[in-house]
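For reference, the structure is listed below as structure tokens.
The values are calculated or read from the model by the stated rules, or taken from the named source; none is laboratory data. Given the structure is predicted, the values throughout are model-derived calculations rather than measurements. As a convention, Cβ positions derive from the backbone with ideal geometry for all residues, glycine included, and neighbour counts pool all protein chains shown.
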Ligand SMILES: Nc1ncnc2c1ncn2[C@@H]1O[C@H](COP(=O)(O)OP(=O)(O)OP(=O)(O)O)[C@@H](O)[C@H]1O
Ligand SMILES: Nc1ncnc2c1ncn2[C@@H]1O[C@H](COP(=O)(O)OP(=O)(O)OP(=O)(O)O)[C@@H](O)[C@H]1O
Ligand SMILES: [Mg+2]
Ligand SMILES: [Mg+2]
């Protein structure tokens, strides 16, 4: 009763592609690869230009500084990726970081003998607890994450302010073993950066290769469909916020170790930078696509921009403007690449493999 | 309750007295259903009868308010879709539920991807499995491409592949064929039959009765959420089923009246869009219904969209009543008296969160304004007029259109465009998913409108509809108009002949 | 922002047309607008009774002056959020407009009247840049405006560097805070009200307003009904920029100081007020009345708590909790109502 | 258009300058013997709560207020901005404060509100960061700008041995006091005894720890011959200290500036920093509170030459334009740093 299909004859023939077993990497995956590559190129160009102007930019000390400088943002950006991929956003990370950093300092203040691993665990747990508050409100009350985390951005920061009430915790209040964590290097690579690297690798691998990781993409891609396919959306979203909180907690502890000086304002305004890093790193703000590697590269790129502007002695008044312009350029470039890939996709017919 | 024939083996899945309401709307009232192993069971009913709601209850997506379900004689409690899957119930929903950003293979195997060491996903195996499924369905879709950009038919095929990949004991399909063409439907039925032979139960929903009688052994009729009857298909006729569904006799399915032909209202000259359609020229006169026929993917919808200005075109021109309509501007097209009822109501036709009223008057928002102000009263009156005329079944005009059944949503789209009182009506798959009663209503309406002097361009994949309604049939093949047939000379064979590219150019 | 059906609030449907009046009543209570207006009234009453110095004309004047920038920017922001976009660069645009006004005053020798016109035009241009990136290049507005947030703030430091311009004529700076004779309501409230009425009418009683809601929910369907989505959004960003220009002028004159860091961080407060006013962050839902009430509620609470000597840190917590409550409560209420309804159906009360 | 609007009598800069500068009105005579009134309501409004520096100085103020049995109150925004300070000043003036002691985020922006508060009967004292003189009665300055400039240049000169390249790491680009100090440091450096010292650049760390850290790093990379850094801001000097102590430049590139002993203790002990300076923030608050009380009790009016007693700190004289100076900064080094806890 219906008309037949244009592709019908060949479909009916059932010709399978020639090598069904050895698949090329999927188109979707290649799209990511392109994004990450473009980020790497941008990063390379930036370093190159800066080094040409000032060869000390590639000295050992300077590279160490760069790696140290980006570690915390990288960890936060990776946590944010987990959240954004599910079509949510966590604006409270800066506040969680501040709260945890101050808590870590207070812990050492009240119990100076605390070994640093304990502090680390306590900090991560506190971050996870904050994340659970976010996740609980979002998953249980079924409300937009942006609104809730904007609320907890204020609330957590308020608690932090309230608790600190203007006090400051100094490096002298914390044990040397802990502070060394923030500055030490292993084979010339800062410990902090190694921690970040482990986080990136773990999260990146998880998102790509595990069922529950793929389900996060599914949720972000089409939440209603995810529910109908039996994915426990509420639980996954909750978990993702707990994970983001825990990573922000980890970042908070590392922040305390690295900066030594802590007051309640630590990490203020960091949230927009984190979101910017993820977006620059190719994580689609509407969920469903992006990788932890990309977000980490985005974070590295943003911090490197900051450092290289300082090294290039760009007029300080211009620096922030340049950062803004570069963010725009990065997302614009990313968009251009995406369009290219989409065009190529359209070129191939739906049916021709 | 009429007793089911006890001859068949014990039922696999039984629903008893299932009730479900949304607010004050009772979508299901005490429905009974027994699915037997090895049996294909049809569920029919008017738009809004509650079929999809029943499906969602079976899928665990809706919790019934009361009533019980048993599987293999054991009470079955579903707390969510995951439970239904675990119990061996696979579901194809009426609207495709794909993840646009993920690859086709991942869409099929989400949550069940084949694993290798360390519980990692084995992507290669997954793509291979997907390939095998498509082979079984006889289609070629690249498993690695993202689902975004798949045509509706391909989306539906991916859904089907997903459902059969479960090797489920109960396969539920809610209008799986609405977007498919004959070959794929045949393939689907072949797969369904083989599943039945393997002892599975199939629940099949469709508004096309030939499909129902082709596939199914038993037929259950729902009306207004209530169970009406369950009988062996052999004991039923189409007319009987229709009478039970609608509660009265439905006659004159295609009542196209001859209308007096007036001046040319729509004229399309040499329209070309590289890679999509080439040199398309035709005209439609007032009072005339012209059908645009062709295979799925022939580019009919693309032509319609370009004519209306949603898509751009490279060369050519479009004239309404002799005056050129600027390209790429639907607003100007509407102002010139054109209307387009798009093929995809969810994405293109409706704003799901807005009320029936707002949707029905959206295209008339400027015309209904007085001194630039648009106050609620005018909209309400207008919406009431058109929803009455099209018999839209909605709890109230202020209800979000998302809460309407599929067919009623389609009627709202029609209402929205008819309300603009166009001179040229382009209508893409006007009756997709619409039940028989309403379908004849829509046809009567189109015929009436033509009689009032409208020029109607109708795109349809249903040949009987094309043959019944059209004064003239234009056939497209691979983006070109290949043939023009007058009502008298058009029949299934001649249209198919041209559509498959075997005829000479018109 | 794409609409997210996952979070669609549960809807209730009434069947019989006879229940229309009842439905209307229930709708009133159900609608967030009504709740927020009620909360505002309660807050004002409680504050007047319990907080010393709250119910004074002077306080009203301070309160309104403090709220002006927030209220003004919230108007276009409401429209933008309803179309599913967001503009996070508003505060930076205010800052840049302010410094530009200072720089022009300092060095151009133009008349202040002309400078004001130029500044509003500049705001519109800044907004147009946002609009171009969002609609022309198809980039997500959240990302674009995070970029321009940094860019415009940076430029505002470029314009004035480390200086502040403060020598604006006294009659102009006084005009910014002057009250309507015989009352304690600032004169500047009048243009605010006018703008609010205009925005309200556009949003709720014109064809364009209908189009905004439609495109916020489903821009493809809106395109099919002849809405030029891109153009509309572009102009909304332009309007947002122009309003920021106005706010930049007001800010400069009220504080008699054009500085690069003016209005830093205001964007989150504006978003907070808009969301508190019941606008859905996913677009397509919300009303201007609710937003105006939300702005006032935020201001009244802050002011009253400040007068009651509540710690600024506690204020931060209150703001956050209020925002959370504003989205959690309606859903919770709807949930409870639905559950009650179901129970009533299951155990019909014998009558 | 330019001509036209000017011709139409528009407001231009040239025809509006005549009404600037209302002048300091020190009306009525001071009565140096008046006793400090009991129960004075004194409010401290710092640049921001949560800033440890201000917490310390406000606590100094609180001590003073307790001594003369007044009512102390500290309010303020949680983030430093002039606009929220204005709203707090309005609140305070409605509450009928006798004295408002504030540190201005912007010298102009809070003027209007301060004048209104003055009109409502409050006495205005600024400390740490001043407003325009006509908006307050007394400015309690930690130290003269000249004093700071001299001190800082002397410290760095001693540490680098009187010759070589130096840089300044400041706070935000538009911090009034920082800019005044930097300008004076440049004048100081022009003196013959510093002729071998070359100031290569001024960097801005925005009073943000991480930014200051990055800027320090940038300075060292851009200027390989850099011998010393002056960072006259507590945030900047701590961040720079942390960078240097963890880098190869530790001990080689000298650092001095204005910092709190608690923040800098570690870097002094590990040899990164030889010496730095600061006044006592607690004493600053203490003095400001007494100045306010003296104003409110009629001991002084804010006119030049007025004298008042500030508890344990002794007697102070009001200088030109109502400025009271706390005294020379304390220099902290290895030997004395452990005696200070703030
Ligand atoms: N989520 C919902 N909220 C409110 N009402 C709903 C909802 N879902 C369905 N309904 C109502 O329940 C009734 C049954 O709808 P259902 O989708 O089951 O019909 P259907 O038989 O599948 O129709 P069609 O053939 O058009 O697909 C309709 O009146 C519909 O408006
Ligand atoms: N998923 C797809 N990806 C890429 N191109 C597609 C896809 N689906 C269809 N096309 C192309 O778009 C053109 C028209 O397709 P379309 O489905 O709109 O045709 P149609 O005649 O309107 O069919 P329908 O009966 O589905 O409305 C064809 O050239 C086809 O190759
Ligand atoms: Mg249905
Ligand atoms: Mg089509």
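Here residue B:362 does not qualify as within 16 Å of ligand 1 (Cβ to nearest atom), in contact (Cβ under 8 Å) with a residue 40 or more places away in the chain and under 24 Å from residue B:427 (Cα atoms).
Can you spot a residue in the range B:414-436 that is out of contact with any strand residue (DSSP E or B) (no Cβ under 8 Å at 6 or more places or on another chain), within 16 Å of ligand 1 (Cβ to nearest atom) and under 21 Å from residue B:334 (Cα atoms)? Within the range B:414-436, one or more residues are out of contact with any strand residue (DSSP E or B) (no Cβ under 8 Å at 6 or more places or on another chain), within 16 Å of ligand 1 (Cβ to nearest atom) and under 21 Å from residue B:334 (Cα atoms).
Selection of the range B:34-61 for residues being more than 21 Å from residue B:243 (Cα to Cα) and either within 16 Å of ligand 2 (Cβ to nearest atom) or in a loop (DSSP other than H, G, I, E, B) (or both) yields B:36, B:37, B:38, B:39, B:59, B:60, B:61.
If the condition is being in contact with a strand residue (DSSP E or B) (Cβ under 8 Å, 6 or more places away or on another chain) and part of a loop (DSSP other than H, G, I, E, B), then the range A:253-282 contributes A:261, A:263.
Scanning the range D:185-215 for residues that are away from chain A (no Cβ under 14 Å) and part of a helix (DSSP H, G or I) returns D:185, D:186, D:187, D:188, D:189, D:192, D:193, D:194.
Filtered by the rule that a residue be within 16 Å of ligand 1 (Cβ to nearest atom) and not in a strand (DSSP E or B), the range B:182-214 gives B:206, B:207, B:208, B:209, B:211, B:212. Cβ-Cβ contacts under 7 Å between residues 6 or more apart (or on different chains), taken from a first residue in the range B:400-415 that is within 16 Å of ligand 2 (Cβ to nearest atom) to a second residue that is in a helix (DSSP H, G or I), are listed as B:410/B:345; B:413/B:345; B:413/B:349. The C-beta contact set for the range B:253-278 (first residue over 26 Å from residue B:477 (Cα atoms) and within 14 Å of chain A (Cβ to nearest Cβ), second residue modelled with pLDDT under 90 and within 16 Å of ligand 3 (Cβ to nearest atom), distance under 9 angstrom, 6+ apart or interchain) comprises B:253/B:436; B:253/B:439.
Given A:300, A:311, which one is within 8 Å of another protein chain (Cβ to nearest Cβ) and touching a helix residue (DSSP H, G or I) at 6+ places or on another chain (Cβ under 9 Å)?
On the way: A:300 fails: within 8 Å of another protein chain (Cβ to nearest Cβ).
Answer to the check: A:311.
Being touching a residue at least 40 places away in the same chain (Cβ under 8 Å) and either assigned to a loop (DSSP other than H, G, I, E, B) or within 19 Å of residue A:153 (Cα to Cα) (or both) is not true of residue C:315.
Against the criterion of being within 16 Å of ligand 1 (Cβ to nearest atom), part of a strand (DSSP E or B), more than 13 Å from every other protein chain (Cβ to nearest Cβ) and within 25 Å of the chain's Cα centre (by Cα), residue B:241 does not qualify.
Residues that are modelled with pLDDT under 90, more than 16 Å from ligand 2 (Cβ to nearest atom) and buried (at least 21 other Cβ atoms within 10 Å of the Cβ) were ranked within the range B:169-191; the one that is farthest from residue B:496 (Cα to Cα) is B:188. Taking helices (runs of 4 or more DSSP H) as the structural unit, those lying wholly within the range B:62-180 and holding at least 3 residues that are within 16 Å of ligand 4 (Cβ to nearest atom) correspond to B:152-165.
Taking the criterion of being surrounded by fewer than 24 Cβ atoms within 10 Å (Cβ to Cβ) and away from chain C (no Cβ under 13 Å), would at least one residue in the range A:259-274 satisfy it? Yes, there is a match, as at least one residue in the range A:259-274 is surrounded by fewer than 24 Cβ atoms within 10 Å (Cβ to Cβ) and away from chain C (no Cβ under 13 Å).
Considering A:165, A:92, which residue is closer than 29 Å to residue B:99 by Cβ and within 14 Å of chain C (Cβ to nearest Cβ)? Step through it out loud before you land on a result.
Values: A:165 fails: closer than 29 Å to residue B:99 by Cβ.
Exactly one residue qualifies, and that residue is A:92.
Residues in the range B:253-266: is at least one touching a strand residue (DSSP E or B) at 6+ places or on another chain (Cβ under 8 Å) and either within 16 Å of ligand 4 (Cβ to nearest atom) or within 30 Å of residue B:35 (Cα to Cα) (or both)? There is no residue in the range B:253-266 that is touching a strand residue (DSSP E or B) at 6+ places or on another chain (Cβ under 8 Å) and either within 16 Å of ligand 4 (Cβ to nearest atom) or within 30 Å of residue B:35 (Cα to Cα) (or both).
Report yes if some residue within the range B:246-263 is at pLDDT 80 or above and assigned to a strand (DSSP E or B); otherwise report no. The answer is no, given that none of the residues of the range B:246-263 is at pLDDT 80 or above and assigned to a strand (DSSP E or B).
Checking each residue in the range B:430-440 for being more than 16 Å from ligand 3 (Cβ to nearest atom) and either touching a helix residue (DSSP H, G or I) at 6+ places or on another chain (Cβ under 9 Å) or at pLDDT below 80 (or both) picks out only B:430. Of all residues in the range B:333-354 being more than 7 Å from chain C (Cβ to nearest Cβ) and modelled with pLDDT under 90, which is farthest from residue C:287 (Cα to Cα)? Across the range B:333-354, the extreme among qualifying residues is B:343. In the set (1) at the interface with chain C (Cβ under 8 Å from one of its Cβ atoms); (2) over 20 Å from the mean Cα position of the chain (by Cα); (3) touching a residue at least 12 places away in the same chain (Cβ under 8 Å), residue B:375 fails one condition alone, (3).
Being over 22 Å from residue B:216 (Cα atoms), more than 16 Å from ligand 1 (Cβ to nearest atom) and touching a residue at least 24 places away in the same chain (Cβ under 8 Å) is the requirement here; does residue B:73 meet it?
Considered against the rule, which asks whether it is over 22 Å from residue B:216 (Cα atoms), more than 16 Å from ligand 1 (Cβ to nearest atom) and touching a residue at least 24 places away in the same chain (Cβ under 8 Å), residue B:73 comes out as yes.
The numbered conditions (1) away from ligand 2 (no atom under 16 Å from the Cβ); (2) buried (at least 23 other Cβ atoms within 10 Å of the Cβ) are all true for residue B:305 except (1).
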